[in-house]
Amino acid sequence: MFGIRKRQSKNHIELDKNNIPCHIAIIMDGNGRWAKKRGLPRTAGHGAGADTLVKIARHAYDLGVKCLTVYAFSTENWKRPEEEVNNLMNLCMKRLPQIVDLMEHRKVAVRFLGDRSRLPEPLVRMIEAEEARTEEFAKTGCFLNIALNYGGRDEIVSAVREIAVRVKENELSPEAITEEVISSHLYTAHCPDPDLVLRPSGEIRISNFLLWQSAYSEFYYDNILWPDFSEADLERAILTYQGRSRRFGGV
Ligand code: IPE
Ligand code: IPE
Ligand code: MG
């Protein structure tokens with residue numbers, strides 16, 4: 001109807017190719033519960049979650065998504081046992097090259113969002129090298145943003161500090177601080193705000209993710225644990241998004 005084709009059959013979801021969300025953000029949650037259900041250590045769940053990231057990223061870009069932002073480690077995740085934190089940092093080092101190879105092949109630029117000062121030095125060096133490896137693709141407008149030691153509040157604090165320095169140095173007047181200026185000081189300055197925020201695992205909370213940027217995002221929650229999240233689940237989320245009416249405060 002009205003030129004928009006949306007149909008869902010048992011195994012096939014037909015999406016409206018003209019209404020694919022430009023930017024999808026995912027809270028990759030439920031790895032620990034996935035492992036527990038199988039009698040495995042939590043670390044096995046994180047490994048399986050990394051496999052899911054590869055699969056879902058590939059499918060998202062195939063569908064025409066331009067920016068994908070994934071929450072890999074929050075500023076609050078340091079509260080976890082040291083062993084789990086170390087394992088997560090090592091997993092990043094181990095899996096990053098493969099993920100970036102895939103992005104390079106797809107001409108997608110990889111960026112890391114978050115405070116790097118607390119990350120292990122070898123990981124920081126790797127992040128910088130992997131960003132440099134795909135930087136030439138920034139011009140395509142396609143990005144994979146990996147949020148690592150990321151917190152929405154922490155991001156706003158660092159943006160405010162940077163802006164305060166500019167004001168102090170008479171580079172900017174207080175009246176010139178607009179929403180655009182604030183957005184341009186966030187880690188996501190290179191991307192539009194997310195159209196769709198997905199959270200698998202059954203939790204219905206934002207957990208300090210993209211607080212400023214998600215002001216008008218559509219939210220989608222799912223009970224599936226992240227390691228089990230499939231291409232069809234992504235399509236279902238997009239189909240739901242396509243059925244929403246975004247009004248941005250209008251009528
Ligand atoms: C998400 O899975 C991964 C990280 C937060 C690093 P969890 O580890 O939070 O899994 P659950 O929520 O305990 O199942
Ligand atoms: C959010 O998940 C952070 C990531 C997925 C990286 P958490 O598992 O840390 O969030 P809470 O503690 O359930 O809110
Ligand atoms: Mg969790």
Charge-dipole axis of the chain as Lys and Arg at +1 and Asp and Glu at -1 on Cβ define it, positive-most pick from Trp78, Ile127, Gly250: Gly250
Report, in debye and to the nearest 20, how large the dipole of segment 83-191 comes out about its Cα centre when Lys and Arg carry +1 and Asp and Glu carry -1 on their Cβ. 260 debye
Packing-based order for 238-246, 64-72, using average beta carbon neighbours within 10 Å, highest first: 64-72, 238-246
Protection-proxy order for peptides 153-165, 213-225, each taking the mean of Cβ atoms within 10 Å per residue, highest first: 213-225, 153-165
Say R0 is 51 Å: what FRET efficiency, to the nearest 0.05, do Glu131 and His12 get from their beta-carbon distance? 0.85
Once the Cβ-Cβ distance between Lys79 and Glu169 is put in as r, and R0 is 41 Å, what FRET efficiency do you end up with, to the nearest 0.05? 0.65
Length gained, Tyr216-Glu121, 0.36 nm per residue minus C-alpha separation, equals 30.6 nm
Given a Förster radius of 41 Å and the C-beta distance between Asp51 and Asn19 as r, what FRET efficiency does 1/(1 + (r/R0)^6) yield to the nearest 0.05? 0.90
Isotropic mean projected area of the C-alpha convex hull, segment 119-251 (nm²): 11.5 nm²
Could you please state, rounded to a whole Å, how far the C-alpha centre of segment 73-101 is from the C-alpha centre of segment 138-154? 16 Å
Relative contact order %, the chain, counting alpha carbon pairs below 8 Å whose residues are six or more apart: 28 percent
Would you calculate the separation in nanometres between label points at Arg58 and Arg247, each defined as 7 Å from the Cα along the Cα-to-beta-carbon direction? 4.2 nm
Gain in length, His190 to Arg153, computed as 0.36 nm per residue apart minus the alpha-carbon separation, to one decimal in nm? 11.4 nm
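Bear in mind that the values in this text are calculations on the coordinates, not laboratory data. All values derive from a computational prediction rather than experimental measurement. Using ideal geometry, Cβ is built from the backbone for each residue, glycine included, and neighbour counts are taken over all protein chains shown.
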